[in-house]
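Inspection log for the structure reproduced underneath, given as structure tokens.
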Amino acid sequence: MCGIFGYVGDKPAAPILIAGLKALEYRGYDSSGLFVPGSGVVRSAGPIANLEVKIDPSLTDTTGIAHTRWATHGVPTEKNAHPHLDMSGTVALVHNGIIENYKELKEGLLAQGITFASDTDSEVLAKLIGTLYKGDLLKAVREALAMVRGTYGIAVTSTHNPKQIVVARMGSPIVLGVGTGANYISSDPAALVPYTKDVVYLEDGECAVIESDGYKVYESSGRNRQKNPEKIDWDIEEVQKQGFEHFMLKEIFDAKEVIDNTIRGRLLHDEFRLVKLGGLEPVLDEIKSLDRLTIVGCGSAYYAGLIGKYILEEYAGLPVDVELGSEYRYKRTVTQGKTAVIAVTQSGETADTLASIRSAKEQGLLTLGIVNVVGSTIARETDAGVYNHAGPEVAVASTKAFVSQLVALVLVTLLVAKERGVAEAELKKIAKELQTLPEVVQTYLRDQKETVARMAEKYARYNDTMFIGRKFHAPLAAEGALKLKEVSYIHAEAYAGGELKHGPIALLDENFPVIALAPEDDVCEKMISNIEEVRARKAPVLAITTEGNDAVVSVADDVLEIPKLHPMLQPIMTTIPLQLFAYYVGTAKGLNVDRPRNLAKSVTVE
Ligand code: AGP
């Protein structure tokens, strides 16, 4: 999504703003711009490098705001890039979100003789603030926002008040960075870490005034609100690539550490506690008595939720529904008995997932979260939850966060199963095997990386691919297809293996390979039949199966073998070659796998 960065301090602002935008690049964008009061707006379509060359290096202004844009309204051009100005050219605004009533606001402004230089909803807000400005920038911003419907994270500054920035948030994150002799604002804490680890997250409805020697936060009522900084607990070097060519590969290889961090202090707590999830303690009694659980997520998080359904129903006997965030928020939901809604989300800011949580709260349902970004909106708005502790995930394609989401869902399953009196022997066996998983995954990555890379080279030439799997691996087939299409732009579909004969098999021929997830489990024979019926249509088959499963090896064209684990844990292991495969296909095609076209890291608008 769009990225916002601002600085007010005692150093020239422009270089700091550019560095801030570069730290936000991974979110995906198509244009960028900045405003410093002494020289006005500088904008550019394309990469930030195009903006940088336009900036006068002699600029001395010590205040400024900057923006990377991911087009929602108006095509990605220089005129639609932010910052946008008011009529006088003295008030500048950057915006992340969607102003839903911008058309009616624009009509009112046009009637006042205001003119517009862009097609964007954000410019309407800039012009509106300008018409309301009478010397108090905060007052003008608050009055304008009172007329707005929609979502926003905004930063506003002015030549009249060149030593302050006004920010406000409704639905799109804004975080303050508290420095010494300087203060910062950003849409993502990762951009603040090079300067400070003391941050203040704005809540929806709040605004703030930032100056070089301090900040003031105001509630939606306008009342001043004391908010002390929190400390970010990870270092910027974690966000560096640490020697890997791409963030995506680094994050795939982070799997061991991520699984370690996700289970740390939570597993086999003592002889009585199979699993301890501190974030769920306050609502443990409610979880124990649940009749149903609804898992909500988008993209990879949704597929993690589907796998969560399989394991929760199989091992805890808890009925589970899984909903797309973009559907749950609008549909009529019928709840039966005690129901909780759990959001699975890496960023904790996905608009559709956030809206679903708010809808669940309006229905009076218990809301939980499995969230990676600490302090994110969904983490703060749910009643309780589990942090992934997977560290910052920079690549747009989710890899380590997805692995952590599966591990967290296993922990929740073990917790719920234990609370529901499920036989403990099986649960203990799974818990013990889970403790070995980090090493198993690490060894696989070390020993099989090249094998997967070679396989990817072979399959990179196809334009179409189909992923198939059964039971726990049916949703994983969909995740494998998503990973591949995201970073290689190859058309990839996914089906439960049993669905092939109901239509999809019509697609298959020698140019349409199938990736078959066929571990040795209770549906392996059915997968072997699928592989045979696919081969009969001349489609090449790459099977991912467990070591020594000769029955699969004998029918597939190509095979990637993985360690055999307990069925509840097997999807986590199978995920690793799928992620590596997508990565190497994408790089074999010379694509930017960290920042795929058209995609953003966190979809904070609908
Ligand atoms: C995953 O590779 C995608 N980048 C995307 O589907 C992502 O999982 C989805 O947008 C949900 O994001 P969240 O986990 O931050 O809510």
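Overview of results
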item	result
Diffusion coefficient, µm² s⁻¹, Stokes-Einstein with Kirkwood Rh over alpha-carbon pairs of the chain at 37 °C and 0.692 mPa s	130
Rounded to 5, percent antiparallel among DSSP beta bridges of the chain	60
Relative contact order computed over segment 340-431 (Cα-Cα under 8 Å; 6+ residues apart), in percent	22
Residue 281-residue 228 pseudo-label distance in nm [points 7 Å out on the Cα-to-Cβ vector]	2.1
Segment 137-255 - Rg over Rh from alpha carbon coordinates, Kirkwood radius	1.06
Within segment 249-288: backbone nitrogen closer than 16 Å to the residue 435 label point (7 Å, Cα to C-beta)	260-276
Largest-first principal axis extents of the Cα set of segment 325-369 (Å)	30, 19, 13
Ellipticity estimate at 222 nm from DSSP helix runs (n ≥ 4, -39,500 (n - 2.57)) divided over the chain, nearest 500	-11000 deg cm²/dmol
Calculated FRET value between residue 159 and residue 606, using beta carbons and R₀ = 45 Å, to 0.05	0.85
Computed over the chain: relative contact order in percent, which uses C-alpha pairs under 8 Å that are six or more apart	12
Segment 208-294: relative contact order in percent, alpha carbon pairs under 8 Å with at least 6 residues between	9
Segment 323-393: trypsin sites (Lys or Arg not before Pro) in DSSP loop, at most 13 other beta carbons within 10 Å	331, 332
Cβ-based exposure ranking for 5, 581, in which fewest neighbours within 10 Å come first	581, 5
Separation between Cα centres of segment 372-397 and segment 1-60, rounded to whole Å	27
Inter-centroid distance (Cα atoms) of segment 245-324 relative to segment 188-202, Å	28
Estimated inter-spin distance, residue 362 and residue 525, nm [label 7 Å along Cα→Cβ]	5.1
Pairwise FRET efficiency - residue 53 versus residue 535, Cβ, R0 = 60 Å, nearest 0.05	0.65
Efficiency of FRET between residue 428 and residue 19 - r from beta-carbon atoms, R0 45 angstrom, step 0.05	0.35
Kirkwood Rh, Cα atoms: Rg over Rh of segment 1-69	0.93
With Cα atoms, 0 to 90° folded angle of helix 102-111 axis to the chain main axis	20
Loop-located trypsin sites (Lys or Arg not before Pro) in segment 1-110, at most 16 other Cβ atoms within 10 Å (DSSP)	54, 79
Angle in degrees between helix 424-459 and the longest Cα principal axis of the chain, rounded to the nearest 10	80
Residue 597-residue 499 pseudo-label distance in nm [points 7 Å out on the Cα-to-Cβ vector]	2.7
Over 21 Å between alpha carbons, listed pairs 501/538; 250/471; 106/163; 256/288; 103/601; 331/361	250/471; 106/163; 256/288; 103/601
Nearest-ten-degree value, helix 400-419 long axis tilted from longest Cα axis of the chain	70
Extension gain, residue 268 back to residue 119 (0.36 nm per residue minus Cα-Cα distance, nm)	47.9 nm
Length gained when the stretch residue 289-residue 101 is fully extended (0.36 nm per residue, less Cα-Cα span)	63.4 nm
Descending Cα extents along the principal axes, segment 178-334, whole Å	56, 47, 36
Hull shadow area, averaged, segment 504-606 [alpha-carbon convex hull, nm²]	8.8
Filtered trypsin sites (Lys or Arg not before Pro), segment 417-457: DSSP coil and at most 16 other beta carbons within 10 Å	420
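FYI, it's all coordinate maths here, none of it is from the lab. As the structure is a prediction and not an experimental result, all values here were calculated from the model. Here Cβ is always computed from backbone atoms with ideal geometry, including for glycine, and neighbour counts include all displayed protein chains.
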